[in-house]
Every structure is written in structure tokens, then in C-alpha cells.
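The values are calculated or read from the model by the stated rules, or taken from the named source; none is laboratory data. As the structure is a computational prediction, the values presented were derived from the model and not from experiment. Ideal geometry is used to build each Cβ from the backbone, glycine not excepted, and the neighbour counts take in all protein chains shown. Side chains are part of the model used for accessible areas, which takes the heavy atoms of the whole protein and leaves out ligands, DNA and RNA. Shrake-Rupley method; radii C 1.70, N 1.55, O 1.52, S 1.80 Å.
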Amino acid sequence: MSGSSFGKLFRITTWGESHGPGVGVVIDGCPAGIPLAEENIQRFLDRRRPGQSKYTTRRNEADSVEILSGVFEGKTTGTPISLLVRNQDQRSKDYGNIAVSYRPGHADFPFREKYGFRDYRGGGRSSGRETIGRVAAGAVASKLLEEVGITLRAYTKAIGHYTVDEKDYNFSEITENSFYMPNNSIAEKAGEYVSSLMAQTDSCGGIVECIADGLPVGIGEPVFDKLDALLAQAVMSVGAVKGVEIGDGFAASASVGSRNNDPFYMKDGKVCKKTNHSGGTLGGMSDGSRLILRAAVKPTSSIAKTQNTVNESGEDIEISIHGRHDPVIVPRAVVVVESMTAVTLADLLLQNAVSKMDNIKKIYQ
């Protein structure tokens, strides 16, 4: 199986299965000298940990991270950083009834066709638990970005049809509700909606928004490795994400050039933009304004409601998926989207360091 690595200079490789001994990530290319401790990574993992509210799976996992290499006396050494999280509360018996059945909305069928067999216990590599490695890597990437003044923040913009308008954002409320929404009032309504779906053994999706401040101009390579292109790849690689947009995104298609263009003006000797419809990118490079990314997250595929499917013998059957599953993935996906954004920015930041000779001379002269 290929495709478990992402990045060029800051390169991550995730490994492990949902019901194996553990999951984790190897990070190669992280510069030496960044202060890093397990608690820095644990704060990120705690945000995606199961069992935080009635809207998340009851799988009881501490998700405690162990740093196996790449850190000495509290700082990165420049060598590969290996991070491990052990699985502790697997219930493989919950998946016995789907061992030979294809769950709607899951990767069971293409996995079987591609490899000839599959790990049916929670989906193996296609499980949401694979994102633990991404989040751990994102914590390290965020530490790198913080060293140069780049900060990220992600939150839930929408659960189903319950959307927080930008004018109603209150970032202090993000951690005050179960959905990580920047508005407690909308979060309360979203909770009632999700509860009604739970009573119907159904699920819903939503939208995660991620913003990055402090990006210098020019991050991103202007052809195939555009900032927005790699962000789309990184975030779309998260299993539950079905769409990514930057800035106005799809709404730009209904706009006109005179409104969609962001006029420039001078302020304190610097080039600034009056608006930010582009979401912080121009020509595949950062333009110095706030980066704005949104990810559309699909409804949880594992639901107890009876659905039609087929089994490996080619028979039409009905299936009801039991076990411990989130009625909405969005709250736990927030930190995953933030992490993949951080990993992408860290990689492109390192690439940008050698974009012109002046930068190289500053190092070697």
C-alpha cells in the first residue's frame, strides 16, 4: 500500500490500524531546536479524543502519546520524530456481522477489490483512528509555525443546516460547547438537531473552517504545488471530507470580477488588501492576508438504521451497523483539519526558505 506519506521537506508518514496494537506517525525533516514535549502533542490529541460528549463515540481511549525518537532534552534534534499512541479499547467483536458485508459509505468494497482481502475491524487504515498520526504531526508542525509567528485556529462553522455567520463569531465560545462552534446559541440548536437524529439512528455532517494568521507573502509554489492546491490535497485526504474551498470558494462562481477581486492599497508602507475574497492566496501563493479554508464533512457512515447492501457472495442483504460511532464527525474533525493545514504550511514554509539567493546568502555568508 502506497500513499501513507505527505510532504517534501517536512514529511509525515502515518501508520497503524484502528484495531491493531497502536497508531502513530514518523515526521522527517523537522528542524532541530524546536521546544517540544509530549504535553504539546497531547493537547492536540485531546481535542480529537473519543468520549468527550454524548455526540461522540463512547470508545474509551486515553490516546496518550509517546515520543520514541527525535527529541532530546526538550528540543527536536533534526532526526526523525516517531510518535506512538497505543490502542486500548478495541472491540473487534462489534464488527463481526460486517466481516463479509459491505457497509454503505465505507471503503469496504474498494479495499476488497483492490487488495483481495480487508481488515474489517473498524476499517483498518480507512478508519478515522488513522487521523491520530495526522493530529500528532500537526501539533509538531504548529510548534514550528509558532516559532516564526504563524498561528492557526479551526472551529465548526456548521452542523447540518445550523451555520454560524461570520458576524456572529465569538471565538471565546469555541471551547464552551460540544461542537467547537464560535457561537453557543447556534451550538445549542445544533445539539437539539443531532439529538433528534440520534433518536432516529441517523447522523449528519457539517463544515469546519480553519484560519491562519501571520503568513508571509510567497508561501506556496506557483504551478503544481500551489498553496491552495496542496491544502486541498491535504484536507481532502481526510476520510470524511468531501469538499474544500479557499476564501469565497464556490460562491466566487456566482460573483463578478469587480466584486471578487481584492483591491490593493498601501498602509504603513506595506501592500494590503481591502477585502479577502481570495482567502489569502493569489496565484497559488500566500498574499500576506488571513488564510481562510473550509472543509465539508459528510455524515457519519456508520449508523444503526437499516440499510440495503450486498455481501462478498454477491447477495442483496440488509445491514444495521452496531458498535460505538459518532452521530456527527465534525467536532472531532476540527483538529484534524487544523493539523493537516499546519503540516502543509510547515512543509511549504521550509521550501520557501530557498526560493531566492538572498535567503541562501543569509545562511552561508
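Any idea how many residues of segment 314-365 are in a loop (DSSP other than H, G, I, E, B), basic (Lys, Arg) and under 29 Å from THR175 (Cα atoms)?
First pass over segment 314-365, keeping only residues in a loop (DSSP other than H, G, I, E, B): 314-315, 320-327, 329, 353-356, 365.
Narrowing further to those that are basic (Lys, Arg): 324, 356.
If we keep only those that are under 29 Å from THR175 (Cα atoms) too, we end up with 324.
Selection size over segment 314-365: 1.
Tell me, please, whether a residue that is within 22 Å of the chain's Cα centre (by Cα) and either farther than 30 Å from GLY105 by Cα or not in a strand (DSSP E or B) (or both) can be found in segment 249-258.
Checking segment 249-258: at least one residue is within 22 Å of the chain's Cα centre (by Cα) and either farther than 30 Å from GLY105 by Cα or not in a strand (DSSP E or B) (or both).
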### Task
Only residues in segment 168-194 that are in contact (Cβ under 8 Å) with a residue 12 or more places away in the chain and over 15 Å from CYS204 (Cα atoms) count as the first member; pair them with residues that are of a type in the set (Phe, Trp, Tyr) and in a helix (DSSP H, G or I), Cβ under 7 angstrom, at least 6 apart or cross-chain, and list the lot.
PRO182/PHE171
#### Entry: Sole exception among (1) open to solvent by less than 50 Å² (accessible area, probe 1.4 Å); (2) of a type in the set (S, T, N, Q); (3) assigned to a strand (DSSP E or B) for ASN308, by number
(1)
### Message
Among (1) farther than 26 Å from GLY247 by Cα; (2) over 22 Å from the mean Cα position of the chain (by Cα); (3) surrounded by fewer than 14 Cβ atoms within 10 Å (Cβ to Cβ), there is one condition ASP168 misses while meeting the rest; what is its number?
### Response
(1)
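For residues in segment 83-102 being β-branched (Val, Ile, Thr) and at pLDDT 85 or above, which is farthest from the chain's Cα centre (by Cα)? Steps first, answer last, please.
The initial filter retains those residues of segment 83-102 that are β-branched (Val, Ile, Thr), namely 85, 98, 100.
Next, only the ones that are at pLDDT 85 or above stay: 85, 100.
Working: VAL85: 18, VAL100: 30 Å.
So, considering only residues that are β-branched (Val, Ile, Thr) and at pLDDT 85 or above, the one farthest from the chain's Cα centre (by Cα) is VAL100.
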### Task
Name every residue in segment 1-25 that is crowded, with 20+ Cβ neighbours inside 10 Å, in contact with a strand residue (DSSP E or B) (Cβ under 6 Å, 6 or more places away or on another chain) and not aromatic (Phe, Trp, Tyr), in order of residue number.
ILE12, THR14, GLY16, VAL23, GLY24, VAL25
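Only one residue in LYS274, LYS362 is modelled with pLDDT under 95, more than 28 Å from LYS114 (Cα to Cα) and of a type in the set (D, E, K, R), so which one is that? Can you show your working first?
Values: LYS274 fails: modelled with pLDDT under 95.
Being modelled with pLDDT under 95, more than 28 Å from LYS114 (Cα to Cα) and of a type in the set (D, E, K, R) holds for just one of LYS274, LYS362, which is LYS362.
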### Number of the exception - CYS210 against (1) closer than 15 Å to VAL297 by Cα; (2) open to solvent by less than 30 Å² (accessible area, probe 1.4 Å); (3) part of a helix (DSSP H, G or I)
(3)
### Message
Quick check on my filter: what residues within segment 34-51 are open to solvent by 40 Å² or more (accessible area, probe 1.4 Å) and either in contact (Cβ under 8 Å) with a residue 12 or more places away in the chain or not acidic (Asp, Glu) (or both)?
### Response
PRO35, GLU38, ARG43, ASP46, ARG47, ARG49
